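**Student:** Pasting a structure here, questions to come.
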2 protein chains.
Amino acid sequence: MGISEDLKQTKFNSLTSKAVVNIIFTGNWMMQQTHELLKPYGLTPQQYNVLRILRGQQNNPITVLGITERMMDKMSNASRLVDKLLEKKLVLRRECPQDRRAVDVMILPAGLVLLEEIDQVQLAWEKKFAGISTDKMDQLNEILDEIRNVFTNN
Amino acid sequence: MGISEDLKQTKFNSLTSKAVVNIIFTGNWMMQQTHELLKPYGLTPQQYNVLRILRGQQNNPITVLGITERMMDKMSNASRLVDKLLEKKLVLRRECPQDRRAVDVMILPAGLVLLEEIDQVQLAWEKKFAGISTDKMDQLNEILDEIRNVFTNN
DNA sequence: TTGCAATTAATGTAATTACATTTAATTTTG
DNA sequence: CAAAATTAAATGTAATTACATTAATTGCAA
């Protein structure tokens, strides 16, 4: 079952066209998987992404802009996502002392606890990929990076 | 510039976690590229996807369900997307004679003309990937397919 | 120092999406 | 055949997204 069967598309103009479609399709598919995984915890993939970024700061605050720079979906409105996490009492928000335009955001213990819960299922889910060799995963990461770089240096 | 730099994330738990993030990020990134490319033509990536599916039917009608099965984003509401294309007079919609629950959709000449215009820029855009070897593109397609298959046969 | 440009977040809004429900037609089952 | 179940599409809706604009603050240059 390859991308051709998944989309019932018999022919592609080129290997590149096929790859473009495959990347978008697999990205959506992966996001959907994540979405399903998160549903029981009441988080959207974007909220989860923000929460993990906050955890990654190890008790240091980060601004809304800093969050945006680290998000997988750069178009998301980090300001409103933080609002949602605030409502759920998973994060803390306060004016940044160094720059009063900016806002510092930090994860709360409740957020860390929730993430640890999700870590368990996430880990179990990732085990399904165990059959794919390290080499392949490496190759995949490299090729995807290379593809994006074609444009950053154009 | 790899995914680590793009997201300012120094460490990943595993190569698999990194690949999951990389796939979602590159998928979003690719979609964004497509979006930019389509803006001058007044089409969203989803509308464009539908239009190309219709062209792929070579003058045969296809139902809304058939469109959904072929779409990259399975969650899109094909019914409303067809509405939009109808507004733009790019497609034709009529009751399916064999099954009156279903609706046949076909691309109109205006739709084909628009797609041909977009083909040009799409092709020019894809040229940027020319530096990436055929082998790599093949590998990429195979690995992405393999990743999705891990779940279809779970 | 003052005024202008740039930066940071927040907000308004129209469009889109996710998800459930509805409507209509077809198929299956008793 | 009639009733029930299933299928296809459309629609209602609340939430989210895309995009532009605004408000507040900072940095810089004259």
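**Student:** What trypsin sites (Lys or Arg not before Pro) does the stretch B:1-39 have in DSSP loop regions with at most 10 other beta carbons within 10 Å?
**Tutor:** Those satisfying the criteria are B:Lys11.
**Student:** What is the magnitude of the charge dipole of the protein assembly as shown about its Cα centre, with +1 placed on the Cβ of each Lys and Arg, -1 on the Cβ of each Asp and Glu, and no other charges, expressed in debye to the nearest 20?
**Tutor:** About 880 debye.
**Student:** Return the chain B residue and its Cβ-to-axis distance, rounded to the nearest Å, for the rotation relating B to A.
**Tutor:** Axis-proximal residue of B, distance in whole Å: B:Gly27, 1.
**Student:** Of B:Thr10, B:Gln46, B:Gln122, whose Cα points farthest to the positive end of the dipole of chain B (charges on the beta-carbon: +1 Lys, Arg; -1 Asp, Glu; origin at the Cα centre)?
**Tutor:** Checked the options; the winner is B:Gln46.
**Student:** How much of the calculated P(r) for the protein assembly as shown lies past 26 Å, in percent of all Cα pairs?
**Tutor:** Every Cα pair in the protein assembly as shown considered, those over 26 Å come to 52 percent.
**Student:** Set Lys and Arg Cβ to +1 and Asp and Glu Cβ to -1, take the dipole of the stretch A:1-131 about its Cα centre, and tell me which of A:Gly56, A:Ser79, A:Leu92 lies farthest positive.
**Tutor:** A:Ser79
**Student:** Taking the alpha-carbon centroid of each part, what is the distance from the stretch A:1-79 to the stretch B:1-56 in angstrom?
**Tutor:** 8 Å
**Student:** I've got another one for you. Per residue of the stretch B:80-93, in order, report the coupling 6.51 cos²θ - 1.76 cosθ + 1.60 (Karplus, θ = phi - 60°) as ³J(HN,Hα) in whole Hz, putting x for Gly and Pro.
**Tutor:** Using θ = phi - 60°, the values come out as 6, 5, 5, 3, 4, 5, 5, 3, 7, 6, 9, 9, 10, 10 Hz.
**Student:** Mind checking the angle between helix B:109-126 and chain B's longest principal axis? C-alpha axes, 0 to 90 degrees, to the nearest 10.
**Tutor:** The helix B:109-126 is inclined about 10 degrees to chain B.
**Student:** Looking at the stretch A:64-108, which trypsin sites (Lys or Arg not before Pro) are DSSP coil and have at most 14 other C-beta atoms within 10 Å of their C-beta?
**Tutor:** Here the sparse-neighbourhood loop sites are A:Lys89, A:Arg100, A:Arg101.
**Student:** Need one value for A:120-130: mean number of C-beta atoms belonging to other chains within 10 Å of its residues' C-beta atoms.
**Tutor:** For peptide A:120-130, the averaged partner shielding equals 3.
**Student:** Helix B:45-56 versus the longest principal axis of chain B: what is the Cα-based angle in degrees, 0 to 90, to the nearest 10?
**Tutor:** Computed tilt is about 60 degrees.
**Student:** Can you tell me the orientation of helix A:134-152 relative to chain A, as the angle in degrees between its alpha-carbon axis and the longest Cα principal axis, to the nearest 10?
**Tutor:** Roughly 80 degrees between the two axes.
**Student:** Now for a separate question. At A:Lys88, with labels set 7 Å past Cα in the Cβ direction, how many nm apart are the copies from this one, shortest first?
**Tutor:** 3.5
**Student:** Let me ask something else about it. At 7 angstrom along the Cα-to-beta-carbon line, where would the label on A:Val121 sit relative to the other copies? Give the distances in nm, shortest first.
**Tutor:** The answer, with the shortest distance listed first, is 4.1 nm.
**Student:** In terms of Cα to Cα distance under 21 Å, which lysines are near enough to A:Lys8, apart from those fewer than 8 places away along the same chain?
**Tutor:** Correct list for A:Lys8: A:Lys18, B:Lys74.
**Student:** Which whole number gives the average, over all residues in B:30-43, of C-beta atoms from other chains lying within 10 Å of the residue C-beta?
**Tutor:** Per-residue shielding by partner chains comes out at 2.
**Student:** Now, a different point. How large, in Å, is the stretch A:60-154 by the Kirkwood hydrodynamic radius built from its alpha-carbon pairs?
**Tutor:** About 16.4 Å for the stretch A:60-154.
**Student:** Measuring label to label, 7 Å along Cα→Cβ, what does B:Leu65 give against each other copy in nm, shortest first?
**Tutor:** 5.2
Laboratory data are not the source of any read-out in this text; all were calculated from the coordinates shown. Please read all numbers here as calculations on a predicted model, not as lab measurements. As a convention, Cβ positions derive from the backbone with ideal geometry for all residues, glycine included, and neighbour counts pool all protein chains shown.
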